[in-house]
1. With springs only between Cα atoms under 10 Å apart, run a GNM on the chain and tell me which of Ser210, Ser95, Ser238 wobbles the most.
2. Mind putting a number on the dipole of the range 19-139 about its Cα centre? Charges go on the C-beta only, +1 for Lys and Arg and -1 for Asp and Glu, and I need it in Debye to the nearest 20.
3. Under 15 Å from the Cβ of Asp161, count the other residues' Cβ atoms, weight Lys and Arg +1, Asp and Glu -1, and hand me the total.
4. Express the accessible area of the chain per residue in Å², computed with a 1.4 Å probe while the remaining protein chains stay in the model.
5. Could you tell me what percent of the accessible area of the range 1-113 is made up of carbon and sulfur, with a 1.4 Å probe and every protein chain present?
6. Rounded if a/c is under 1.5, else prolate if a/b beats b/c, else oblate: with a ≥ b ≥ c from the C-alpha gyration tensor eigenvalues square-rooted, which is the range 41-117?
7. Quick one: how many Å² of Glu267 are accessible to a 1.4 Å probe, rounded to 10?
8. I'd like to compare 165-174, 45-54, 104-113, 84-93: which one has the highest average count of other Cβ atoms within 10 Å, and what's the full order after that?
Amino acid sequence: MIALSVSHDRPSAVAWAADVLALATAAGIGVAFLDEIPGIESTPGASLEHSELIVTIGGDGTLLRGVRLAVPLEIPILGINTGRLGFLTEIETTSAGMASIARVLRGDFNVEERVALQVSVNGVGAHFALNDVVVRRGAQARMAPFGLSLDGERIAHIPSDGIVVATPTGSTAYFLSAGGPIIAPTVDAFGVASLLPHTLFARPLIVPTSSTIEITCDSEIVHANLETDGTLVSDLASGDLVTIKRAPQPVKFARTGDREFFARLEEKLQWGVPIKRG
């Protein structure tokens, strides 16, 4: 049994959802839809709780939402891209992509585990992030001093717009835009970078995943926001302590083996491609 999460505002995603349903039904596999789609219904008796795989059809945002459902159930997730970039997704909407889906439904896939983040505020809560955790100033048009500690040692006091902590998976997202390096998925590390720092000497850090990272907003007049994977999860007052650690459970990706990481970098982000060709 599989569960489908579909970006139902994209006609192409809905069309592919119908095709995946037909393919799964022909193979005798039940399908539970996690979103209401007019004219398409789940297999009778199918449910998320009994699924062995979550398939998302949309872009990276759809996949990130699906990850939050897959991790507690300890089941893999497979992304089908109908969005713009789709860096995290595995399959494109082509005839070859449909053939790959058929292979996955037969159980012909590998499982790749990716490290994730867990964040709390003043020791309360356990927010999850696959890509990144961001602490940034609120709507005020002024920077704020952010304190950064690693394993209990105060290592920086940075006047900036905020701080981003990223996993290797997230190092190709906002962390990259903040000037951070790309971290290969097999590297057991997190990246830490400041956002628009007002200093000449702020540089990104690479730290072990065993680290405990603490961030504070030390301004009495500028409040801050806490975001996980681009979603606002908490407002922060002056002195609030944000603690970031490795999440206890990894994210499991279903991989078909069709595309390797650096080939994907070249295809999606033009990594290593000359500015001038020819």
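1. Most flexible of the set in this elastic network: Ser95.
2. Computed charge dipole of the range 19-139: roughly 440 debye.
3. Surrounding charge for Asp161 is 0.
4. That works out to 48 Å² per residue.
5. It is 53 percent, rounded to a whole number.
6. It comes out rounded by the Cα gyration axes.
7. 90
8. Those peptides, ordered most packed to least, come out 165-174, 84-93, 45-54, 104-113.
The values are calculated or read from the model by the stated rules, or taken from the named source; none is laboratory data. Please read these numbers as outputs of a predicted model, since none were measured by experiment. Cβ atoms come from the backbone with ideal geometry, glycine included; neighbour counts cover every protein chain shown. Calculation scope for accessible area: heavy atoms of the full protein, side chains included, ligands and nucleic acids excluded. Shrake-Rupley method; radii C 1.70, N 1.55, O 1.52, S 1.80 Å.
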